[in-house]
Amino acid sequence: METPPPQQGMVKKKETRGRKPKPKDEKKEEHTKTPKEGKKTQHQQQPSVDEKYSQWKSLVPVLYDWLANHNLVWPSLSCRWGPQLEQATYKNRQRLYLSEQTDGSVPNTLVIANCEVVKPRVAAAEHISQFNEEARSPFVKKFKTIIHPGEVNRIRELPQNSKIVATHTDSPDVLVWDVESQPNRHAVLGATNSRPDLILTGHQDNAEFALAMCPTEPYVLSGGKDRTVVLWSIEDHITSAATDSKSSGSIVKPNSKSGEGSDKTADGPSVGPRGIYSGHEDTVEDVTFCPSSAQEFCSVGDDSCLILWDARVGSSPVVKVERAHNADLHCVDWNPHDNNLILTGSADNSVRLFDRRNLATNGIGSPIHKFEGHKAAVLCVQWSPDKSSVFGSSAEDGLLNIWDYEKVGKKMEQSGKSLSSPPGLFFQHAGHRDKVVDFHWNAYDPWTIVSVSDDCESTGGGGTLQIWRMSDLIYRPEEEVLAELEKFKSHVVACASKAEK
């Protein structure tokens, strides 16, 4: 059954996050169901998901420098890059964090994988589009499995040492894992849960999605259904070596054995909050730290609010934007290159760019720009580490859009003719056939992204993980690209004239 179109004004988001997952192999029978006749005529003009996907796949050799497609038996609601392990001539090896959200027939897991990231201009164009959607990628290998107490909704790594990760599940607690010291487990029905290295307490109700780790200090931030934002310091619980990413430091576990635990996660040491911040009137959906300060952070929620906080001035909002969007807010990110710029994504299908110096007019959000290129709720936004004006947004429409806000003005100037694409949009990754629930830019390999889709709607179960890098001809300066193409053209002409002689 299709969801009816949203009404004007405040729109409530679809409850897609809490449904029961299905394994990938159930999809055959579901996928062959014929649509109702009424629907067929209604959408005659629109190409189907499969048609759009086939069109995208035919363009892969032109649009991408490299792409790896990895079929997931169970959906993963999060994907994150871990530390780089090794650099070689043609590819680098790096940790990748995923999860398996199961239906209970096997345990939910946190997965640590090793990923081979092919370097720029190495992969042959004809090879990168020759992949089988049903197969696992040779570039992604499972390295370790942690049996997680409950499904993993969100994974975030500690920037100072990405071997330490925090996870959210359907509970009030945040679980912290030292993934290198955790033992590898065999995920079979009835197996006991792995024991988290730390349990962060302080929420009074489930905290399922809003989670962030601080770039400057070992601080963790979370938001939940209790409408609060909670801050913890884990500084006293990790060795000084653990905050140095080059070392093999770990979490100190007083009087506890790491590894297999009972079903009660309370067996791990717990840490109380450093601060609890109240100001939202509904579930907090996402949180993020100011890149230059552990004391400043912001949050967004189902109350359509964007709130800025400063731990130095108390537990009340510093600035509260009452109507940042016309619907629930799902995601927020703070620009690591410019502390004034904050991105938000919403169930109103848009991404908005705010300047913290001028967030609202009479309590209503006054964004610098609204980016409108999605046809469904935006689930994730993230600034690029490679260029200060570039960011990505992923949504329930199955698209991952790459934007450059510097191109907005230029596009407007040239808009004598009607715009073929929304201002600022310069690349659209259409390799997923269902909602793109998470993505992460790679800090070690420029312009490289990992993205994951939950394929319950399109193929009946499982998920798809893709690691990809667009062609550098798309994002490099125009003059540079034209000069290179001219040189290439001269080379082709010279070769052709030699062949004729």
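Give me the percent of accessible area attributable to carbon and sulfur for segment 272-406, probe 1.4 angstrom. Write out the running numbers ahead of the final one.
Numbers: 1780 of 4350 Å².
The computed percentage sits at 41.
Tally Lys and Arg at +1 and Asp and Glu at -1 over the other residues with C-beta under 10 Å from the C-beta of LEU211: what net charge comes out? All intermediate terms of the calculation are to be shown ahead of the outcome.
Details: positive: ARG154, ARG156; negative: GLU208, ASP286.
Summing Lys/Arg as +1 and Asp/Glu as -1 gives 0.
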Can you tell me the order of 211-218, 108-115 when each peptide is scored by its average per-residue count of other Cβ atoms within 10 angstrom, highest first?
108-115, 211-218
How far apart, in nanometres, would the label points at THR192 and GLU478 be if each is projected 7 angstrom from Cα along the Cα-to-Cβ direction?
6.5
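With the other protein chains left in place, how much accessible area per residue, in square angstrom, belongs to segment 58-199 at a 1.4 angstrom probe? Numbers along the way, then the final one.
Numbers: 5080 Å² over 142 residues.
In whole numbers, segment 58-199 has 36 Å² accessible per residue.
Gain in length, SER270 to GLU486, computed as 0.36 nm per residue apart minus the alpha-carbon separation, to one decimal in nm?
Working: separation 216, 0.36 × 216 = 77.76 nm, distance 6.23 nm.
Fully extending the segment from SER270 to GLU486 adds 71.5 nm.
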Can you pull the one-decimal nm distance between simple spin-label points at GLU235 and VAL318, each 7 Å off the Cα toward Cβ?
1.8
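Which length gain, in nm to one decimal place, applies between ALA124 and ASP282 when the Cα-Cα distance is subtracted from 0.36 nm times their residue separation?
On the way: separation 158, 0.36 × 158 = 56.88 nm, distance 4.97 nm.
Result for the pair: 51.9 nm of gain on full extension.
Using the per-residue mean of other Cβ atoms lying within 10 Å as a proxy for protection, in what order, highest first, do the peptides 116-122, 174-180 fall?
On the way: 116-122: 15.9, 174-180: 23.9.
For the peptides 116-122, 174-180, the packing ranking is 174-180, 116-122.
Is there a quick way to get the dipole size of segment 455-501? I mean about its Cα centre, with the Cβ of Lys and Arg at +1 and of Asp and Glu at -1; what is the value in debye to the nearest 20? Don't skip to the answer; put the middle values down first.
Numbers: 6 positive and 9 negative charges, 80 e Å.
For segment 455-501, the charge dipole is close to 380 debye.
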Can you compute the modelled spin-label distance between THR201 and THR89, with each label point 7 Å from Cα toward Cβ, in nm?
5.6
Which one, SER350, ALA430, SER316, projects farthest toward the positive side of the charge dipole computed for segment 316-444 from Cβ point charges (K/R +1, D/E -1)?
SER350
Cα extents of segment 297-419 along the principal axes, largest first, in whole Å, come to 50, 29, 27
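For segment 275-320, state which GluC sites (Glu not before Pro) are in a DSSP loop and have at most 12 other beta carbons lying within 10 Å of their beta carbon. Each step should come with its number before you reach the end.
On the way: sites: GLU281, GLU285, GLU296; in loops: GLU281.
Passing both the DSSP loop test and the Cβ count: GLU281.
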Listed residue (PHE139, ALA125, LEU158) projecting farthest to the positive dipole end of segment 121-163, Cβ model
LEU158
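The values are calculated or read from the model by the stated rules, or taken from the named source; none is laboratory data. Note that this is a predicted model, so its numbers are computed, not measured. Cβ: placed from backbone, ideal geometry, glycine included. Neighbour counts: every protein chain shown. For accessibility, only protein heavy atoms count, side chains too; no ligands or nucleic acids. Shrake-Rupley method; radii C 1.70, N 1.55, O 1.52, S 1.80 Å.
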